[in-house]
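Inspection log for the structure reproduced underneath, given as structure tokens.
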């Protein structure tokens, strides 16, 4: 079975490609390296000892995407490609709306034309906005606090409308919480090109002295230590969730949404202290003002994914911290 992975050289995409290959799927990747690295492709093949087919293209390019579908009998698509930095989306919303929506619409048009009706979409817990309660369930009201989250919510709406118009599609919308960690091999992991937007790569860069200190955005939230609380999930667990989703959509014709998280919330300071302890390093930090678009707490109720996908995260926060640091030490 052939699976097209858009953004397959990225952080979550590369780990998912490893899991796909190890489960005997054929993998085709499209990526333009706007926030990823060609080394990931070689390392995916090194880990699995299997070949991948790769196209360096922009997903917004209809003609080139159509050529990929012409050349390959694609059975399913996992759609990761898109800009993902919350802060940048606030300062440059048009960039996010143009890229994230155009690329998805182009993909869906080509999929429909070539009768490829199985899709796993990479959504986000940001679609819950400021949640009405905790833990967060899939049937909670949806809203957003930043343009990045809004693009995810708009795409979810597009997919729901597409399914209403053609229920031969089978679509899994995966709402991720906060993926961190890396593959045990240390060959693939989170390696942003510029100043990191996410917490874990920032912690790592401070630990390796690449950056002077970590900025913690606010310590006056209504949480145990005043810093923001999130549901951190190991990226390998998250990748396994995509295998479960592919199995689901290929054996049913429906559209459904699933939280992928652990169901546990950890604060920023919890993560910093755990990282220091398991890796025996110091992470200097300072408290700065809250960021626009951030919320106090966000963690999942993962029970629906367990019931419907037979998916449950197995890796704890200590393993996440160890593996994240191992990747960077392995690639210095």
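Within the range 238-269, how many residues are touching a strand residue (DSSP E or B) at 6+ places or on another chain (Cβ under 8 Å) and in a helix (DSSP H, G or I)?
The qualifying residues number 9.
Limited to the range 278-294, what total is found for residues that are outside any strand (DSSP E or B), within 17 Å of residue 324 (Cβ to Cβ) and in contact with a helix residue (DSSP H, G or I) (Cβ under 7 Å, 6 or more places away or on another chain)?
Within the range 278-294, residues that are outside any strand (DSSP E or B), within 17 Å of residue 324 (Cβ to Cβ) and in contact with a helix residue (DSSP H, G or I) (Cβ under 7 Å, 6 or more places away or on another chain) number 5.
Check off (1) surrounded by fewer than 22 Cβ atoms within 10 Å (Cβ to Cβ); (2) farther than 30 Å from residue 165 by Cα for residue 257 and give me the number that stays unchecked.
Only one criterion in (1) surrounded by fewer than 22 Cβ atoms within 10 Å (Cβ to Cβ); (2) farther than 30 Å from residue 165 by Cα is unmet by residue 257, namely (2).
Could you check the range 224-237 and list, in sequence order, the residues that are assigned to a loop (DSSP other than H, G, I, E, B) and buried (at least 21 other Cβ atoms within 10 Å of the Cβ)?
If the condition is that a residue be assigned to a loop (DSSP other than H, G, I, E, B) and buried (at least 21 other Cβ atoms within 10 Å of the Cβ), then 227, 228, 231 are the ones that fit.
Of these, 217, 221, which one is surrounded by fewer than 19 Cβ atoms within 10 Å (Cβ to Cβ), touching a residue at least 24 places away in the same chain (Cβ under 8 Å) and under 20 Å from residue 125 (Cβ atoms)?
Result: 217 is the single residue among 217, 221 that is surrounded by fewer than 19 Cβ atoms within 10 Å (Cβ to Cβ), touching a residue at least 24 places away in the same chain (Cβ under 8 Å) and under 20 Å from residue 125 (Cβ atoms).
Of the residues that make up the range 20-38, is at least one at pLDDT 95 or above, within 24 Å of residue 253 (Cβ to Cβ), within 16 Å of the chain's Cα centre (by Cα) and in a helix (DSSP H, G or I)?
Yes, because at least one residue in the range 20-38 is at pLDDT 95 or above, within 24 Å of residue 253 (Cβ to Cβ), within 16 Å of the chain's Cα centre (by Cα) and in a helix (DSSP H, G or I).
Which of (1) under 28 Å from residue 320 (Cα atoms); (2) modelled with pLDDT of 95 or more; (3) under 18 Å from the mean Cα position of the chain (by Cα); (4) not in a helix (DSSP H, G or I) does residue 191 not meet, given it meets every other one?
Tallying (1) under 28 Å from residue 320 (Cα atoms); (2) modelled with pLDDT of 95 or more; (3) under 18 Å from the mean Cα position of the chain (by Cα); (4) not in a helix (DSSP H, G or I), residue 191 fails exactly one: (2).
Counting only residues that are surrounded by fewer than 21 Cβ atoms within 10 Å (Cβ to Cβ) and out of contact with any strand residue (DSSP E or B) (no Cβ under 8 Å at 6 or more places or on another chain), which one in the range 109-133 is nearest to residue 154 (Cα to Cα)?
109
Mind listing just one residue for me: the one in the range 71-106 that is part of a helix (DSSP H, G or I) and without any contact (Cβ under 8 Å) to a residue 12 or more places away in the chain and, of those, surrounded by the most Cβ atoms within 10 Å (Cβ to Cβ)?
98
Considering only the range 107-165, how many residues are in contact (Cβ under 8 Å) with a residue 12 or more places away in the chain, assigned to a loop (DSSP other than H, G, I, E, B) and closer than 29 Å to residue 1 by Cβ?
Residues in the range 107-165 being in contact (Cβ under 8 Å) with a residue 12 or more places away in the chain, assigned to a loop (DSSP other than H, G, I, E, B) and closer than 29 Å to residue 1 by Cβ: 4 in total.
Residue 181 - would you say it is crowded, with 16+ Cβ neighbours inside 10 Å, in contact with a strand residue (DSSP E or B) (Cβ under 9 Å, 6 or more places away or on another chain) and at positive phi?
yes
If I filter the range 194-219 down to residues being assigned to a loop (DSSP other than H, G, I, E, B) and touching a strand residue (DSSP E or B) at 6+ places or on another chain (Cβ under 6 Å), which single residue comes out as nearest to residue 327 (Cα to Cα)?
213
The values are calculated or read from the model by the stated rules, or taken from the named source; none is laboratory data. Here the structure is a predicted model, which means the values were calculated and not measured. Neighbour counts run over all protein chains shown; Cβ positions are idealised from the backbone, glycine included.
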